[in-house]
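To start, the structure itself, in structure tokens.
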Amino acid sequence: MKAIYLTAVLALIPAATAGGEAATPQERAMAACQRTVSFDFFETPLDEAVEFLRLLSGEDIRLQQSAAEKFGKTPVTLRVERLGLGDALVRLGRQAGLRLFIDTNRGFLMLFEKKGEPAADDSSSPLSSGGAAERQSPMSHPNDIVAVVKGNNAFGLDLYARLRQESPGDRNLFLSPYSISTALAMTCAGARGRTVEQMEQVLRFPYKGDRMHTVFAGLQAGLGGGDEKRDYELRVANALWGQKGYRFLEPFLALTRLHYGAGLMQVDFQNDTEGARNTINEWVEEHTNRKIRELLARGTITDDVRLVLTNAIYFLGAWQQPFEERRTREEPFRLASGGSVNAPLMRMTGTFRYLQGDGFQALELPYKGGDLAMLLLLPAAADGLPQLEAKLTRQNLDAWINDMRSERVDVMLPRFKMTAQFELSKTLSAMGMTDAFVWRQADFSGMDGGRDLFIGLVIHKAFVDVNEKGTEAAAATAVVMYLGSAPLEEQPVLFRADRPFLFAIRHVRTGSIVFIGRLSNPRAN
């Protein structure tokens, strides 16, 4: 028996260099993006910089004809050391307002104007080898990202609905749908046949194949926010952990490197199982600021493991308007069972986006910088959370967010911490991902060319700390695969969260639900 593991962690890691010569145009293009280059341009005309990179790398790099005419002489300044060619072209193009286009039919890379896509008859500039660019979806197309975010959010709420049914109503819940989606998306890259069809359906993926992975790369870049200085930390990282000496297919490795930044780390599951487990756990801890420890417990890694895919996410953000610690008081928090516990209730008054819904209140508290916010959904009654959870669909959530308006609000929110861990294989199977977990039914032949790999475990662990200053949250996901053989109001609205409620941390610009949970008891971890 052999096995494959996948883990999810949010943070940035260097991509590995593509090795070998790809056989197909798609493989050639992906391998080209991973080829590392070093250069130092200072006010160099863009067309000369692109030509230099073409000669330096030996890859088929082009500049769209119209872009060359308009922006070819735009000076670019950039110094890099051993950076992937794809990333280097993205950074160069950004200085001239251009985007990177990857032609997976003919195997070339092109910088083109943002306002459109390369047309089928759009020729490249004379500095390249010429030829027509096939019409493909460019990286990070806004409409594609919107569709993927809607699908990810729908999957996240589907999964939350399943988990709340499996958990007692008085138990806290917390997870990162984005982390889980990303880990499983990397798994999809090696799935084929009915296995990939079931996974795409459960994960609510709007696109198939390379287009889906391309958009995931754009979404991750959008969440990361580029290189600009930010008022918060939001880090995403992906990695593959493969059995030393095991032969994985280069197209699979190239795709995960290109779109997820997931380099292959070699470990020895067969002869040093505990050493491999500890190495992966240390990586997860490092990329979640030590908040996620022991993601893979003893016994989860065995000598038949062949691959672990990891995704980790870490968020640290200060409130745009912090709570004043001097106003925090111990107050009764009413439980759904009818009892109560004392909890530190934070308090502040300010202008926030607010909605008085049918039997609930919705409030959005922004983090400093405005890119992320916490959405709070508070039922009117202490035992009203199940009814509110039953209404929690992607369509309803979008409608509630759209209906929110600025109001003066007196906010009372408990200070709390929680950690949650799930093994999701049975849950995902019940949602329709059945073949992936059954030996000989699972088809992950895109990973190694065989039909013996299957998913054994999907492990997810999440942490959140909400206090007067802001929020710290982290999550990691592991998929284990085995081989078988408004104007101010005179009187502010009162939002007193002294009873069970739902909360989510949203990336406002993309609409992504990065984390979601419920607080049933602030005294329970």
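The values are calculated or read from the model by the stated rules, or taken from the named source; none is laboratory data. Please read all numbers here as calculations on a predicted model, not as lab measurements. So basically every Cβ, Gly included, is an ideal-geometry build from the backbone, and we count neighbours across all protein chains shown.
Quick notes on this one:
- Residue list for segment 307-355, filter: touching a Ser or Thr at 6+ places or on another chain (Cβ under 9 Å) and more than 20 Å from residue 378 (Cβ to Cβ): 308, 309, 310, 311, 312, 313, 314, 315, 316, 317, 318
- Against the conditions (1) closer than 17 Å to residue 155 by Cα; (2) part of a strand (DSSP E or B); (3) aliphatic (A, V, I, L, M); (4) at pLDDT 90 or above, residue 409 satisfies every one except (1).
Per-residue answers, yes or no, for (1) modelled with pLDDT of 95 or more; (2) in a loop (DSSP other than H, G, I, E, B); (3) in contact with an Asp or Glu (Cβ under 7 Å, 6 or more places away or on another chain):
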position	(1), (2), (3)
174	no, no, no
196	yes, no, no
204	yes, yes, no
215	no, no, yes
221	no, no, no
228	no, yes, no
241	no, no, no
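- When residue 284 is tested against (1) farther than 16 Å from residue 496 by Cβ; (2) part of a loop (DSSP other than H, G, I, E, B); (3) hydrophobic (A, V, I, L, M, F, W, C), just one condition goes unmet, and that condition is (2).
- Count of segment 490-504 residues which are of a type in the set (A, V, I, L, M, F, W, C) and touching a Ser or Thr at 6+ places or on another chain (Cβ under 7 Å): 0
For every residue, the table says whether it meets (1) under 20 Å from residue 172 (Cβ atoms); (2) out of contact with any Phe, Trp or Tyr (no Cβ under 7 Å at 6 or more places or on another chain); (3) hydroxyl-bearing (Ser, Thr, Tyr); (4) not assigned by TED's automatic domain parsing to the domain that holds residue 230.
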position	(1), (2), (3), (4)
288	yes, no, yes, no
296	no, yes, no, no
305	no, no, no, no
337	yes, yes, yes, no
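- Strands (runs of 3 or more DSSP E) enclosed by segment 433-525 - at least 1 residues per element that are at pLDDT 90 or above and either within 24 Å of residue 311 (Cβ to Cβ) or in contact with a Gly (Cβ under 8 Å, 6 or more places away or on another chain) (or both): 453-466, 470-483, 501-507, 512-519
- When residue 342 is tested against (1) farther than 18 Å from residue 521 by Cα; (2) in contact with a Phe, Trp or Tyr (Cβ under 9 Å, 6 or more places away or on another chain); (3) not charged (D, E, K, R), just one condition goes unmet, and that condition is (1).
- Sole exception among (1) surrounded by fewer than 19 Cβ atoms within 10 Å (Cβ to Cβ); (2) not in a strand (DSSP E or B) for residue 421, by number: (2)
- When we screen 242, 261 for residues that are at positive phi and in the same structural domain as residue 477 (by TED's automatic domain parsing), the only hit is 261.
- Lone unmet requirement of (1) among the small types (Gly, Ala, Ser); (2) surrounded by fewer than 16 Cβ atoms within 10 Å (Cβ to Cβ); (3) within 20 Å of the chain's Cα centre (by Cα) for residue 299: (3)
- Enumeration of residues in segment 250-279 that are part of a helix (DSSP H, G or I) and within 18 Å of residue 87 (Cβ to Cβ): 253, 254, 255, 256, 257, 258, 259, 260
- Single residue of 35, 62, 79 found to be under 22 Å from residue 259 (Cα atoms) and either in contact with a strand residue (DSSP E or B) (Cβ under 6 Å, 6 or more places away or on another chain) or at pLDDT 80 or above (or both): 62
- Within the option set 450, 456, being over 21 Å from the mean Cα position of the chain (by Cα) and crowded, with 17+ Cβ neighbours inside 10 Å holds for one residue only, 456.
- Residue 322 being crowded, with 17+ Cβ neighbours inside 10 Å and closer than 28 Å to residue 176 by Cβ: no
- Test: residue in segment 379-388 that is more than 24 Å from residue 520 (Cβ to Cβ) and of a type in the set (Gly, Ala, Ser): no
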